[in-house]
Amino acid sequence: MFEILRPGFLKLDRLWEERPMKRHYDVVIIGGGIHGLATAYYLAKNHGVEDIAVLEKNYIGFGGSGRNTAIVRANQRTRENVRLYDEGLKLWPDLTDELDFNLMFFNCGNLNLAHSEAALSSFRLSINTANFCGVKSELLDRESCKELIPALDVSDRPRLPILGGMYHPPGGVLRHDAVVWGLAKGASAHGASIQQGVGVSAIDTDAGHVTGVQTNKGPITCNKLAIMAGGYGAAVCAMLDIELPIHPLTIQAMVTQPLKPFLNHVISSGGYHIYANQTLKGEIACGAHMDPQVNYTTDATAWYFKHQAEAMVELLPCLERVRFLRIWAGLADMTPDMAPILEGNLEFDGLYLDCGWGYFGFKSGPVTGKYMAEYIAREERPDILGPFTLDRFLRNRYMGETATTMKYGHYD
Ligand SMILES: Cc1cc2nc3c(=O)[nH]c(=O)nc-3n(C[C@H](O)[C@H](O)[C@H](O)COP(=O)(O)OP(=O)(O)OC[C@H]3O[C@@H](n4cnc5c(N)ncnc54)[C@H](O)[C@@H]3O)c2cc1C
């Protein structure tokens with residue numbers, strides 16, 4: 001019976017190939033997160049552009065892509081966002097098949113809780129927008145919330161009683177590491193080169209074109225350069241003296257000890273600044289609002305443990321005395337209107353930019369990668385990316401995502 005443990009029998013193939021780094025690529029992507037990897041994957045697969053390097057200063061998934069709570073949904077506030085996120089949500093099952101890798105998509109549905117009349121009104125707006133765009137989202141009264149999640153305390157006991165909720169059945173969760181690894185596998189299988197431990201310290205330009213990057217492993221030249229550096233996007237753009245309206249803020253998340261299954265949906269509450277779901281391992285994974293100060297730290301703080309514990313027990317009293325096991329933090333690149341900046345030929349020919357996702361960048365990763373790949377390959381902005389320009393901030397054409405998200409409960 002011990003035969004199966006012979007050395008070599010359990011040897012698994014690496015998911016992606018470690019290729020030697022070249023000195024020139026057609027396309028260089030800065031950032032080995034979900035956006036960089038998805039763009040590399042679709043560039044190679046859909047457009048036959050295989051001479052690509054994804055440069056990652058640490059390891060793939062080091063940024064927000066390996067630290068998020070992997071909640072996906074499409075009931076954003078504005079039409080432009082709903083369209084993008086809806087396509088993104090529908091992409092997960094296909095992507096799982098295409099990559100031949102289990103991304104662990106669990107279509108459990110999301111329930112946002114309202115604790116005030118104002119929150120209910122803002123949910124009505126979001127629901128109307130979603131329904132107008134053909135996305136399922138509905139208003140529940142407090143009894144229906146309880147039916148959906150029997151452990152919820154819908155009595156008048158909590159400091160902020162639950163008045164109702166916005167239920168979005170198509171949403172759910174995935175496993176974030178699996179998405180990073182699956183995309184790396186797919187990108188590499190189609191010819192892209194993933195270079196870990198390669199940090200970009202400067203960007204080279206000549207006569208209005210980007211020409212390459214300086215890295216800790218030497219210079220690399222390229223025809224096109226895409227900055228997809230998540231929370232560090234503004235810092236990378238600053239290498240070209242491009243100033244972005246982005247504030248990096250820390251978000252913390254944590255998990256409890258594993259419990260028997262009792263929470264079959266994602267729940268979130270803007271009133272309590274919390275979102276939570278039960279993982280397949282049984283842990284309650286929950287996340288908090290962002291730290292208020294602009295900073296680049298990924299240190300966690302004890303304050304959030306206390307805050308999350310108090311909030312969770314208010315909503316789900318059965319969690320009293322359950323222990324948190326781990327806490328971690330990552331960066332969110334916040335724009336003033338909580339919508340991303342997606343650009344091509346930005347100030348320099350051949351320069352592409354995908355950043356400003358705040359806490360929505362996981363759910364948007366593959367779909368944005370698909371369209372950024374199209375943008376880079378065809379040099380023509382796909383219609384769906386049209387609204388997400390940088391100059392909307394100069395023209396005072398902010399997108400209306402902030403109004404409902406900040407105050408009433410879209411922290412996921
Ligand atoms: C705690 C937390 C919870 C979240 N929850 C959710 C959620 O539930 N749903 C959701 O949709 N989103 C969520 N997010 C947001 C989401 O994780 C991010 O928006 C998303 O991962 C951004 O992906 P990315 O590929 O753009 O960037 P990242 O994953 O941050 O990748 C960028 C990479 O660039 C690398 N890099 C930076 N500078 C350089 C350089 N100079 N040279 C080379 N490499 C460089 C970094 O090391 C990093 O690995 C959450 C974020 C956090 C922190």
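Output the residue which, of all residues in the stretch 332-361 that are within 6 Å of the ligand (Cβ to nearest atom) and in contact with a strand residue (DSSP E or B) (Cβ under 7 Å, 6 or more places away or on another chain), is modelled with the lowest pLDDT. I'd like the intermediate steps shown before the answer.
Step one: of the stretch 332-361, the residues within 6 Å of the ligand (Cβ to nearest atom) are 332, 357, 359-361.
Next, from what is left, pick out any that are in contact with a strand residue (DSSP E or B) (Cβ under 7 Å, 6 or more places away or on another chain): 332, 357, 359.
On the way: Ala332: 94, Trp357: 96, Tyr359: 89.
Among residues in the stretch 332-361 that are within 6 Å of the ligand (Cβ to nearest atom) and in contact with a strand residue (DSSP E or B) (Cβ under 7 Å, 6 or more places away or on another chain), the one modelled with the lowest pLDDT is Tyr359.
In the stretch 70-80, what count of residues is obtained for those that are farther than 19 Å from Tyr167 by Cβ and either within 8 Å of the ligand (Cβ to nearest atom) or not in a loop (DSSP other than H, G, I, E, B) (or both)?
3
(1) within 11 Å of the ligand (Cβ to nearest atom); (2) closer than 18 Å to Leu316 by Cβ: which one isn't true of Ile284, the others all being true?
(1)
Could you identify the single residue in Ile267, Ile251, Ile246 that is in contact with a helix residue (DSSP H, G or I) (Cβ under 6 Å, 6 or more places away or on another chain) and within 14 Å of the ligand (Cβ to nearest atom)? Let's see the steps before the verdict.
Working: Ile267 fails: in contact with a helix residue (DSSP H, G or I) (Cβ under 6 Å, 6 or more places away or on another chain); Ile251 fails: in contact with a helix residue (DSSP H, G or I) (Cβ under 6 Å, 6 or more places away or on another chain).
Only one candidate qualifies: Ile246.
Among (1) under 24 Å from Ile203 (Cβ atoms); (2) of a type in the set (Ser, Thr, Tyr); (3) within 11 Å of the ligand (Cβ to nearest atom); (4) not in a loop (DSSP other than H, G, I, E, B), there is one condition Tyr304 misses while meeting the rest; what is its number?
(1)
In the stretch 32-49, which residues are touching a helix residue (DSSP H, G or I) at 6+ places or on another chain (Cβ under 6 Å) and near the ligand (Cβ under 10 Å from one of its atoms)?
Gly33, Ile34, His35, Leu37, Ala38, Thr39
Looking at the structure I just gave you, is Ile194 at pLDDT 95 or above, more than 21 Å from Glu50 (Cβ to Cβ) and buried (at least 16 other Cβ atoms within 10 Å of the Cβ)?
In short, no.
Of all the residues that make up the stretch 145-170, how many are in contact (Cβ under 8 Å) with a residue 12 or more places away in the chain and either under 26 Å from Gly31 (Cβ atoms) or part of a helix (DSSP H, G or I) (or both)?
Matching residues across the stretch 145-170 total 2.
What pairs can you find where one residue is in the stretch 391-412 and farther than 14 Å from Asn81 by Cβ, the other is part of a helix (DSSP H, G or I) and modelled with pLDDT of 80 or more, and their Cβ atoms are less than 8 Å apart, with a gap of 6+ or different chains?
These pairs meet every condition: Lys407/Ala118; Lys407/Ala119; Lys407/Ser122; Tyr408/Ala118; Tyr408/Ala119; Tyr408/Ser122; Tyr408/Phe123; Gly409/Ala119.
How about the stretch 50-69: which of its residues are more than 6 Å from the ligand (Cβ to nearest atom) and at pLDDT 95 or above?
Hits for the stretch 50-69 are Asp51, Ile52, Ala53, Val54, Tyr59, Ile60, Gly61, Gly66.
Table: residues versus (1) away from the ligand (no atom under 15 Å from the Cβ); (2) in contact with a strand residue (DSSP E or B) (Cβ under 9 Å, 6 or more places away or on another chain).
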| position | (1), (2) |
| --- | --- |
| Ser116 | yes, no |
| Glu147 | yes, yes |
| Arg159 | yes, no |
| Tyr167 | yes, yes |
| Gly172 | no, yes |
| Trp181 | no, no |
| Gly197 | no, yes |
| His209 | yes, yes |
| Gly212 | no, yes |
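Go through the residues of the stretch 289-299 one by one and say whether even a single one is polar (S, T, N, Q) and within 10 Å of the ligand (Cβ to nearest atom).
Checked against the condition, which is being polar (S, T, N, Q) and within 10 Å of the ligand (Cβ to nearest atom), the stretch 289-299 yields at least one hit.
Just to verify a result, which residue in the stretch 331-382, among those that are closer than 20 Å to Phe393 by Cα and among the polar types (S, T, N, Q), is surrounded by the most Cβ atoms within 10 Å (Cβ to Cβ)?
My answer is Thr335.
On the basis of being away from the ligand (no atom under 11 Å from the Cβ) and over 28 Å from Phe123 (Cβ atoms), does Pro258 make the cut?
yes
Please state which of the following conditions Phe106 fails to meet, knowing it meets all the rest: (1) under 18 Å from His35 (Cα atoms); (2) within 14 Å of the ligand (Cβ to nearest atom); (3) crowded, with 17+ Cβ neighbours inside 10 Å.
(1)
Table: residues versus (1) assigned by TED's automatic domain parsing to the domain that holds His265; (2) closer than 21 Å to Gly361 by Cα.
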| position | (1), (2) |
| --- | --- |
| Glu56 | no, yes |
| Lys90 | no, yes |
| Leu113 | yes, no |
| Leu120 | yes, no |
| Ala130 | yes, yes |
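The values are calculated or read from the model by the stated rules, or taken from the named source; none is laboratory data. All values derive from a computational prediction rather than experimental measurement. All Cβ positions, glycine included, derive from the backbone under ideal geometry; neighbour counts span all protein chains shown.
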